[in-house]
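Read through the structure below, which is laid out as structure tokens, and then see the notes.
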Amino acid sequence: MRKRKDLLKIIATLNWVMVLLFAITFSNCANEKNPEGGKKDTTPPKVKKMSPPNKSLHFTATKIDITFDEFIKATGFAQTLISPPLDKKPDYKVSGKTLTIKFKSHLRDSTTYTINFAEDIKDLNEGNILNNITYVFSTGAFIDSQKVSGKIILAKDNTPADGVIASLYPVDSINAIRKSKPYYFAKTDKTGNFKINNIKAGQYRIFGLKDQNYDYLYNQPNELIAFSDTILDLRDTLPKTVELRLFEERHGKLSFMGEKAMKPGFVQLYFSQPLKSLTLESNISTDKDFYYFNATKDTINYWYSAYSEKRAKLFLVANDTLKDSVRITLQNITADSIIRNRKYALTPDFQLNKGASAASSKEIINTQELFKPLKISFTYPITGINSAKAFHLFEDSVKKDLPVKFSIDSPGKQALVFDFPKTENTNYTLDVPDSAFQDLFGTWNTAFKYKFKTTSKDNYGNLNVILKSPHPEKNYIVKILDASTDALIAEIHIGNETEKKLLIENVPAGTYKIIAIDDANNNGVWDTGNFKEKIQPERIITFKDTYNLKGGWDLDIEVRL
């Protein structure tokens, strides 16, 4: 009897285990999800079936079903476009793995339609995007077969423009991209390349757009635009390839764009366009204040000496036309802080050698280019020099005191430039006394030593540059750049001549590259385009070749512009 009861208990326990396992299995089946752990899913959805099939002819259906291999998101399909455009936007409905498109407009006879989903197809779990998927069908007996491919590059540096919309419009409106969505489009890949297929034979205007608000219109000030000067003719079977240069134009009239207090005594002012002239006055200004343009002339660097002020009002007159007043909240230093540290506020912008008492400290020897002047930067602009203080420059091996001339580097006044005859592979010490230089706050420097060693002559070579211009009527700006850092080595201007020769001496050994700017307006700088006036950005020519200069050698470089 007891054995029978024990057997019944075992059977009951097994039944509960089976029920529990069934519940767990049912739960896992009912809630389909990615298993925890493992690699993250980075694969976009794939199309399993299209009904009617893609590229159907004599299309008469009122809806399309597209089934994918995984669940997809209901994104709203704001980026999805149909070309040619329909009178009413279709309904888009997502159910599990299937997208259903229901038409609400009559389809034209004998017309090829393309549905471009842009970035609207995403998987449910990770949001992986299936880019540039299209569905094509024709209400007639054939599918339009014209196509165009090309590349879009950034005009400012000739680098590929990724994620840019290449779009086609009917030929009758040169400004169509401002007010209507494209007939056909595709997005560029990481290499800047694009391809648009199934285009109806005809003539079109082609644009590039870096769209910031996903409406396919050029209507935002921070959007980038590209356009072709010529009409794209797609009425024959010849392959068409185009290249567009994408640029950010300067919008509207000259205007003040804003300001930023960078640190105590220093403010930057931003304008929408380069300035030709500026008059600046301030309620906190003194005779020590000064300002200067940045390289592109659309930013003003303003240094002021009233370091303890918390607010300022500036009065600006730019290009004799724009007048504005600006109130600025400043970064400031308390007067007590400056007074307490009067002799120590002005410091050089490098690590100082420690005094002799610090026996364990390691002496810092800086490297100095043999053919460049010694330049020492400071934290604030230098506005005064104490002529009663003598400083010394020694050649360390002989402790010889060398004659040296120095000047304040312009325009920022934050560096001293020391000029003296240098010997290769030689150690020097610059001994700067206490209170030799004064900054715009009225504070002085502490005494310091700057130790450096010059480089060898063998580290330098010469460049023999020959520029040849088949278009002497054009003006070019040719720049020789360090291939790894883009640091400017030399800038050469050529115009009204077919050839120009130049010797550039004592160039550090290294690898160099060359770019040239087609300076259409001959103003000495690169200029962006203007879509309203249909002015292209100035063309930048990048040469594939690089030039390896060895120390102690001359290198001949011939460039055909």
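The values are calculated or read from the model by the stated rules, or taken from the named source; none is laboratory data. Here the structure is a predicted model, which means the values were calculated and not measured. Quick reminder, even Gly has a Cβ in these numbers, built from the backbone with ideal geometry, and neighbours come from all protein chains shown.
Brief remarks on what is shown
- None of 454, 443, 485 is polar (S, T, N, Q) and surrounded by fewer than 17 Cβ atoms within 10 Å (Cβ to Cβ) except 485.
- Enumeration of residues in segment 224-253 that are farther than 30 Å from residue 197 by Cβ and surrounded by fewer than 17 Cβ atoms within 10 Å (Cβ to Cβ): 251, 252, 253
- Comparison of 409, 401 shows that the only residue that is exposed (fewer than 13 other Cβ atoms within 10 Å of the Cβ) and either of a type in the set (Asp, Glu) or under 30 Å from residue 521 (Cβ atoms) (or both) is 401.
- Applying the criterion of being under 32 Å from the mean Cα position of the chain (by Cα) and among the polar types (S, T, N, Q) to the residues of segment 457-482, the residue that is surrounded by the most Cβ atoms within 10 Å (Cβ to Cβ) is 469.
- Filter pass, residue 152 being outside any strand (DSSP E or B) and hydrophobic (A, V, I, L, M, F, W, C): no
- Residue 509 vs. criteria at negative phi, under 22 Å from the mean Cα position of the chain (by Cα) and at pLDDT 95 or above: no
- All positions within segment 307-330 that are free of Cβ contacts under 8 Å to residues at least 24 places away in the same chain and either closer than 16 Å to residue 262 by Cα or not assigned by TED's automatic domain parsing to the domain that holds residue 269 (or both): 310, 311, 327
- Segment 152-168, residues that are of a type in the set (Gly, Ala, Ser), touching a Ser or Thr at 6+ places or on another chain (Cβ under 8 Å) and under 16 Å from residue 205 (Cβ atoms): 166
- Strands (runs of 3 or more DSSP E) wholly inside segment 234-322 containing at least 1 residues that are among the hydroxyl-bearing types (Ser, Thr, Tyr): 240-246, 266-271, 278-282, 290-293, 299-303
- Residue within segment 519-537 that is more than 28 Å from residue 177 (Cα to Cα), within 21 Å of the chain's Cα centre (by Cα) and in contact (Cβ under 8 Å) with a residue 40 or more places away in the chain present: yes
- Inter-residue pairs, beta-carbon under 6 Å, first closer than 23 Å to residue 58 by Cβ and in segment 89-111, second among the acidic types (Asp, Glu) and surrounded by 14 or more Cβ atoms within 10 Å (Cβ to Cβ), 6+ apart: 100/65
- Test for residue 182: is it over 30 Å from residue 543 (Cα atoms) and crowded, with 23+ Cβ neighbours inside 10 Å: yes
- Annotation note: Cβ proximity below 7 Å between a residue of segment 490-509 that is within 15 Å of residue 523 (Cα to Cα) and assigned by TED's automatic domain parsing to the domain that holds residue 477 and a residue that is among the polar types (S, T, N, Q) and assigned to a strand (DSSP E or B) (sequence gap 6+ or interchain) occurs for 495/475.
- Within segment 110-145, being among the small types (Gly, Ala, Ser) and within 22 Å of residue 166 (Cβ to Cβ) holds for 118, 145.
- Selected residue (criterion: farthest from residue 168 (Cα to Cα)) from residues of segment 102-124 that are surrounded by 14 or more Cβ atoms within 10 Å (Cβ to Cβ) and touching an Asp or Glu at 6+ places or on another chain (Cβ under 6 Å): 123
- Residue match in segment 85-93 (condition: in a strand (DSSP E or B) and either more than 40 Å from the chain's Cα centre (by Cα) or closer than 13 Å to residue 135 by Cα (or both)): no
- Counting only strands (runs of 3 or more DSSP E) that fall entirely inside segment 503-561 and contain at least 1 residues that are in contact with a Phe, Trp or Tyr (Cβ under 6 Å, 6 or more places away or on another chain), the qualifying elements are 510-518, 547-549, 554-560.
- Residues in segment 384-404 that are among the small types (Gly, Ala, Ser) and either assigned to a loop (DSSP other than H, G, I, E, B) or more than 41 Å from the chain's Cα centre (by Cα) (or both): 387, 388, 390, 397.
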